[in-house]
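Below is one structure, written out as structure tokens; comments come after it.
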2 protein chains.
Amino acid sequence: MMISYVNGQFLPEDQATLQVGDLSIQRGYAIFDYFRTVDNIPLFLDDYIDRFFGSAALMRLEPLPLKSELRAIIYSLIQKNKLGESGIKIILTGGYSPESYEPVSPNLVLLQQPLVTPSADRFRQGIKVISHEYRRELSSVKSINYLMGVWLQDKVRAADAQDVLYYRDGEVSEFPRANVFMVAKDGKVITPSDHILGGITRKKLLEIAALKFEVEVRPVHIEEIKTAAEVFMTSTTKRLLPVTRIDETVIGHGRAGDITTQLLADFLQLEESYLRARKVPVEF
Amino acid sequence: MMISYVNGQFLPEDQATLQVGDLSIQRGYAIFDYFRTVDNIPLFLDDYIDRFFGSAALMRLEPLPLKSELRAIIYSLIQKNKLGESGIKIILTGGYSPESYEPVSPNLVLLQQPLVTPSADRFRQGIKVISHEYRRELSSVKSINYLMGVWLQDKVRAADAQDVLYYRDGEVSEFPRANVFMVAKDGKVITPSDHILGGITRKKLLEIAALKFEVEVRPVHIEEIKTAAEVFMTSTTKRLLPVTRIDETVIGHGRAGDITTQLLADFLQLEESYLRARKVPVEF
């Protein structure tokens with residue numbers, strides 16, 4: 001059984017609990033972040049920690065732990081579980097609010113789980129998604145509110161799809177747990193600018209894409225994306241994953257596109273060079 | 001310390017916990033309901049239980065307890081805490097989902113707390129509210145998602161207000177925790193029809209208002225409500241509470257209106273007759 005962390009204590013995950021008065025359970029008021037480890041090295045950790053503190057500030061959760069403290073907890077957890085490849089989730093809740101509405105001193109929780117990234121086969125084949133008119137509230141905050149995403153799972157399954165793309169007033173935003181990119185017929189790499197969570201994979205991908213392609217960050221219409229040559233999602237768990245069908249529309253040739261494939265190779269290289277630079281300091 | 005209930009066990013509230021893997025903490029996926037007790041009698045219990053099971057069905061939470069089981073738990077909790085006047089919250093979560101996304105067997109939690117309804121002074125004075133463009137997702141479900149409501153508390157305080165009225169595309173829906181009614185200048189009692197949670201107090205009030213006034217349930221525009229003779233909110237904890245200012249607009253004469261006052265008297269009478277009919281069976 002994995003070891004988890006709650007407010008200063010490392011515990012087996014079935015003993016990692018919060019009182020039911022916590023504002024996450026009472027009012028869905030909490031933020032989190034989620035990153036991968038490879039060979040027990042937390043990938044792009046600074047970026048994730050910065051985003052975590054950004055979400056906490058936007059949600060006015062305080063007092064916060066020091067970044068150095070949080071980093072020490074993360075390395076202790078990695079050392080205790082020794083999973084190698086894993087996902088680590090950090091949750092910060094609104095705390096044990098006496099009147100169950102106003103945030104008080106936050107509860108800090110960390111969980112680690114084994115994680116397998118998508119196979120090459122899955123990448124080549126890509127996935128089908130449906131579209132749904134919805135926009136996440138406070139979209140720049142990585143809050144725990146996945147009410148709509150979880151609720152839509154039945155609709156996703158019924159359509160024999162694997163995920164759902166949100167849009168509102170025609171404007172595409174994101175998937176519940178991933179950002180969206182399109183490659184236009186002229187080879188431009190385009191991703192929505194607004195109403196999104198700023199993904200760390202999205203951020204890294206924009207950097208590497210700009211080295212080889214013309215990149216645009218701007219509003220994208222749901223009808224425009226259906227005419228794209230290639231569409232893919234980016235996320236921590238999936239890196240890049242081609243989207244080969246949106247509703248009834250086949251995207252491009254209906255399989256992983258050339259530019260998507262190139263970008264995945266470049267992203268894997270970035271990952272490798274990040275890990276290589278950090279192999280020495282972490283030892284058990 | 002109050003006694004709470006978690007999955008078959010009655011526990012002191014600081015020992016009433018859920019594992020952090022619960023879908024309420026992971027994804028904000030849970031429903032609840034909330035009712036009052038007066039003299040240890042749960043007020044309008046059937047209505048609340050029906051709504052609770054309705055929310056659970058809409059969120060596809062299953063298996064559910066039997067209504068008779070839930071009722072027995074509620075009466076046991078009342079007997080253990082003997083609070084007289086109280087609020088009881090029933091929470092049903094998405095459970096300990098292995099991959100933290102799909103609901104599994106729900107966790108059932110009950111909490112009881114002392115509760116005081118607003119004073120006659122507070123009623124006469126009414127409250128100021130601000131308006132904010134927002135609409136709750138899955139609005140007919142009493143979910144735990146109060147992300148926006150809690151987040152707006154700072155804005156509410158900064159405006160020296162007590163609550164926030166949601167509208168979208170001009171159409172008024174509700175407060176985060178209460179329904180809204182207006183009394184037009186011609187004496188009609190009007191409440192929004194769509195994008196709302198079906199409040200039990202709202203339902204009872206519509207029944208008693210129809211005995212004396214013309215009642216309309218239809219879309220209400222944010223500009224229309226600001227021209228009303230009277231505005232009030234209805235909720236379990238507040239019964240009826242006059243809204244005497246919306247943003248910078250003073251409503252009517254800026255204090256509790258005659259029809260609102262009449263409706264509160266009628267509601268209190270309904271409450272009394274409900275309680276009188278049930279005084280005998282509940283004994284400790």
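The values are calculated or read from the model by the stated rules, or taken from the named source; none is laboratory data. Small disclaimer: the values here were computed from a predicted structure and weren't measured. In this analysis, Cβ positions are derived from the backbone assuming ideal geometry, glycine residues included, and neighbour counts consider all displayed protein chains. Side chains included, ligands, DNA and RNA excluded: accessible areas come from the protein's heavy atoms. Shrake-Rupley method; radii C 1.70, N 1.55, O 1.52, S 1.80 Å.
For the structure I just gave you, tell me whether A:P65 is modelled with pLDDT under 95 and open to solvent by less than 30 Å² (accessible area, probe 1.4 Å).
Yes, satisfied.
Are any residues in region A:199-231 open to solvent by 60 Å² or more (accessible area, probe 1.4 Å) and outside any helix (DSSP H, G or I), and if so, which ones?
Listed by number, the residues that qualify are A:E214, A:V217, A:R218, A:P219, A:H221, A:T227.
With respect to B:T260, is the statement that it is polar (S, T, N, Q), within 22 Å of B:T117 (Cα to Cα), within 20 Å of the chain's Cα centre (by Cα) and not in a helix (DSSP H, G or I) true?
When the stated conditions are applied, B:T260 does not pass them.
Is it the case that region A:18-39 has a residue that's more than 24 Å from B:D22 (Cα to Cα) and part of a helix (DSSP H, G or I)?
No, there is no match, as no residue in region A:18-39 is more than 24 Å from B:D22 (Cα to Cα) and part of a helix (DSSP H, G or I).
Does region B:130-181 hold any residues that are open to solvent by 10 Å² or more (accessible area, probe 1.4 Å), aliphatic (A, V, I, L, M) and at the interface with chain A (Cβ under 8 Å from one of its Cβ atoms), and which are they?
B:L138, B:M148
Looking at A:Y29, is it of a type in the set (F, W, Y) and within 12 Å of chain B (Cβ to nearest Cβ)?
yes
List pairs: first in region A:1-18 and at positive phi, second polar (S, T, N, Q), Cβ under 9 Å, 6+ apart or cross-chain?
Filtered contacts from region A:1-18: A:N7/A:N107.
Can you run down the residue pairs with Cβ atoms below 9 Å, 6 or more apart or on separate chains, where the first is in region B:46-57 and at pLDDT 95 or above and the partner is aromatic (F, W, Y)?
B:D47/B:F35; B:Y48/B:Y34; B:Y48/B:F35; B:I49/B:F35; B:F52/B:F32; B:S55/B:F32
State whether one or more residues within region B:99-108 are surrounded by fewer than 22 Cβ atoms within 10 Å (Cβ to Cβ) and away from chain A (no Cβ under 11 Å).
Yes: one or more hits.
Which number in (1) more than 15 Å from the chain's Cα centre (by Cα); (2) open to solvent by 30 Å² or more (accessible area, probe 1.4 Å) marks the one condition that B:T93 misses?
All conditions are met except number (2).
Against the conditions (1) buried (at least 20 other Cβ atoms within 10 Å of the Cβ); (2) under 20 Å from the mean Cα position of the chain (by Cα); (3) of a type outside the set (S, T, Y), where does A:L270 fall short? Just the number, please.
Among (1) buried (at least 20 other Cβ atoms within 10 Å of the Cβ); (2) under 20 Å from the mean Cα position of the chain (by Cα); (3) of a type outside the set (S, T, Y), A:L270 violates only (1).
What residue, of A:L77, A:L23, A:L43, A:L83, is within 12 Å of chain B (Cβ to nearest Cβ) and touching a residue at least 24 places away in the same chain (Cβ under 8 Å)?
Answer to the check: A:L23.
Could you check B:A120 against (1) surrounded by fewer than 22 Cβ atoms within 10 Å (Cβ to Cβ); (2) facing another protein chain (nearest Cβ under 9 Å) and say which number it fails?
B:A120 satisfies every listed condition except (2).
Return the only residue of B:K204, B:K142, B:K226 being more than 17 Å from the chain's Cα centre (by Cα) and not small (G, A, S).
B:K226
So A:K128 clears everything in (1) farther than 21 Å from A:M59 by Cβ; (2) in contact with a Phe, Trp or Tyr (Cβ under 8 Å, 6 or more places away or on another chain) except one condition, right? Which one?
(2)
Can you name the residue in region B:20-41 that is touching a Lys or Arg at 6+ places or on another chain (Cβ under 8 Å) and of a type in the set (F, W, Y) and is also least open to solvent (accessible area, probe 1.4 Å) among such residues?
The selected residue is B:F32.
Of all the residues that make up region B:76-116, how many are part of a helix (DSSP H, G or I) and in contact with a strand residue (DSSP E or B) (Cβ under 8 Å, 6 or more places away or on another chain)?
5
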